[in-house]
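Encoded as structure tokens, the structure appears first; notes follow it.
The values are calculated or read from the model by the stated rules, or taken from the named source; none is laboratory data. Values in this document were obtained by computation on a predicted structure and should not be read as measured data. Using ideal geometry, Cβ is built from the backbone for each residue, glycine included, and neighbour counts are taken over all protein chains shown. All accessible areas refer to the heavy atoms of the entire protein, side chains included, with ligands and DNA or RNA removed. Shrake-Rupley method; radii C 1.70, N 1.55, O 1.52, S 1.80 Å.
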Amino acid sequence: MRYCVILILAGVLFSCSNESDPVADKASFTRIYDHDNFSASFYPLDVKQTADGGYLILGGRRITDSNFSGIYILKVDELGGYVSELEVDAAYVNPIGPLLEQNGNFYFFAMTAIGLQTQLFQLDASGAVSDPIPVGASYPAAAAPDGSNFILLSYDNLNKESVVSVVNASGSIVQSQGFSIGAGDAVEEPIINHFLRTGSQLPFQVGKTSSSQYFFNSFYNYTLSLAFTNLGDDEPEGVVQGQQDDGGISQVIQLDGGKFALSRFNFGDNYIIPGSTLNTTGISSSVDLGGNFFPELVANAPVKIIRLTVGTSKRVVYGSNTKSSQIGLFGYDEASGEFIGSRYLGFSNPFEIASLVPTQDGGLVICGTTYMAGRFPRICLFKLSAEEVVQSFQ
């Protein structure tokens, strides 16, 4: 398929071609990846920089063979120029991020269109994909690295459980534990709508703390909850409860010790919490966490959080979607929680964030979705230079 790569620098349109624009500066650029099939629909899940300086983008695409999204992989060079694309066979659907890096290769989870069984895929730096490896789970929802293994959050629709599994690179489940979401169709409905992309995209997340405690952000006991577990019991050790599917944690990362940076939503409102000590061994409520109210974000906004060292300063940078249809980046001092600065990305078309990742040169790359003519979803890529990061968050 023919691709049209749109380079925008300082808000000015420079070129539209199949090749990288030699005028482009690899330190800072904006790219929109248009497509000659106007009815096609693409959305990104994650971006990772490869050893050659280019980028791999994992995404989804609309397919006619399934109610689920198909798998899409885009490889671009260090200037953001189109290199190759891969539309994985429609027998495999529902890709999830992030791209998980291990020994120079990248991994991600998806599932079969028939049977809905989880599969583990391996990518090399060029975007070539290996044959999928079956994993004994259904409805993959989130993933994270765990040394030489991966942590997988999935949904068991037969037993009505959120399941956390440790999976090795061969696809074998090393350890697994299920947690009941509660009985009744009303609890399951938003989960299924999430997978079909007919409802809100829920902030599923999974990971492991520095104290080797696993955590998952998913449905437990009738509500979207951030739960902490040792995977040895079907009752979590600690739970930060949300408000069914109307409130809860939208993103969390651990800082030093027992301190976390997180964000939460509650009936449309959004709150940023650059530093908080969570109760990981008891019951608490996300509402009680308070936080900085952010009215400029869209209702129940998706949020991405990264730790960043700017000069000698440690920063926590949040990325989200604003009501002005831009991607907003907000920086905080990691130690004090003080607001440092912000930066806004996007113009003319609506833009939505998917991934926020540091780059090899000290900059940032932000991958997202934009809408050509206001209606055709396309993948976009913003690259900020190290100097721009310092200007924004020093």
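For the chain, with a Gaussian network of springs between Cα atoms less than 10 Å apart, report the residue from 96, 114, 32 with the top mean-square fluctuation. Sorting by GNM fluctuation, first place goes to 114. Amide H contacts for residue 255 (H built 1.01 Å from N in the peptide plane; partners 5 or more residues away or on another chain; cut-off under 5 Å): 260, 261. Each of residue 323 and residue 159 was given a label point 7 Å from its Cα along the Cα-to-Cβ line. The distance between the two points is 4.4 nm. Label separation (residue 387 vs residue 148): 4.5 nm, computed from points 7 Å beyond Cα along the C-beta direction. Taking each residue as 0.36 nm, the span from residue 348 to residue 193 lengthens on full extension beyond its C-alpha to C-alpha distance by 52.8 nm.
When peptides 361-372, 229-240 are ranked by their average number of other Cβ atoms within 10 Å per residue, the highest-first order is 361-372, 229-240. Ratio of alpha-carbon Rg to the 2.2 N^0.38 Å globular estimate for the stretch 199-352, to two decimals, please. Compared with the compact-globule rule of thumb, the stretch 199-352 sits at 1.04. Using the Karplus equation 6.51 cos²θ - 1.76 cosθ + 1.60 (θ = phi - 60°), what ³J(HN,Hα) coupling, rounded to whole Hz, does each residue of the stretch 322-339 give in order, writing x for Gly and Pro? So the Karplus estimates, Gly and Pro as x, are 9, 5, 8, 6, 10, 8, x, 10, 10, x, 10, 6, 5, 6, 9, x, 5, 5 Hz. Applying the Karplus relation 6.51 cos²θ - 1.76 cosθ + 1.60 with θ = phi - 60° to the stretch 188-199 yields 3J(HN,Hα) values of 6, 3, x, 5, 5, 4, 4, 5, 7, 6, 9, x Hz, where x marks Gly and Pro.
The mean accessible area for residues of the stretch 95-145, using a 1.4 Å probe and ignoring ligands and nucleic acids, is 36 Å² per residue. The protection proxy used here, the mean number of other Cβ atoms lying within 10 Å of each residue, ranks peptides 271-278, 283-290 as follows, highest first: 271-278, 283-290. For the stretch 289-394, applying the loop criterion from DSSP together with a ceiling of 11 other beta carbons within 10 Å to the GluC sites (Glu not before Pro) yields 338. Amide H contacts of residue 175: 166, each under 5 Å away and 5 or more positions distant or on a separate chain (H built 1.01 Å from N in the peptide plane; Pro and chain starts excluded). Here the stretch 250-376 is assigned +1 on the Cβ of each Lys and Arg and -1 on the Cβ of each Asp and Glu. Its dipole about the Cα centre then comes out at about 220 debye. Taking trypsin sites (Lys or Arg not before Pro) in DSSP loop conformation with at most 14 other Cβ atoms inside 10 Å as exposed sites, the chain has its longest uninterrupted site-free stretch at 3-322. Averaged over its residues, the stretch 267-394 has an accessible area of 41 Å² per residue, based on protein heavy atoms and a 1.4 Å probe. Close amide H contacts of residue 78 (hydrogens built in the peptide plane, cut-off under 5 Å, sequence separation of 5 or more or a different chain): 54.
According to the square roots a ≥ b ≥ c of the eigenvalues of the Cα gyration tensor, what is the shape class of the stretch 109-152, taking rounded for a/c under 1.5, prolate for a/b larger than b/c otherwise, and oblate for the remainder? Oblate, because a/c is 1.5 or more while a/b does not exceed b/c. All other residues whose Cβ lies under 13 angstrom from that of residue 186 are scored, Lys and Arg at +1 and Asp and Glu at -1, for a net of -4. Tally up the carbon and sulfur contribution to the accessible surface of the chain as a whole percent, 1.4 Å probe, everything protein left in place. For the chain, the apolar C and S fraction of the accessible surface comes to 48 percent. Residues in the stretch 193-245 average 41 Å² of solvent-accessible surface per residue, probe 1.4 Å, ligands and nucleic acids excluded.
Normalised by the number of residues in the chain, the mean separation of alpha-carbon contacts (under 8 Å, six or more apart) gives a relative contact order of 11 percent. Here the 3J(HN,Hα) profile of the stretch 88-93, calculated from phi with Karplus coefficients 6.51, -1.76 and 1.60 at θ = phi - 60°, is 5, 2, 5, 5, 10, 9 Hz, Gly and Pro shown as x.
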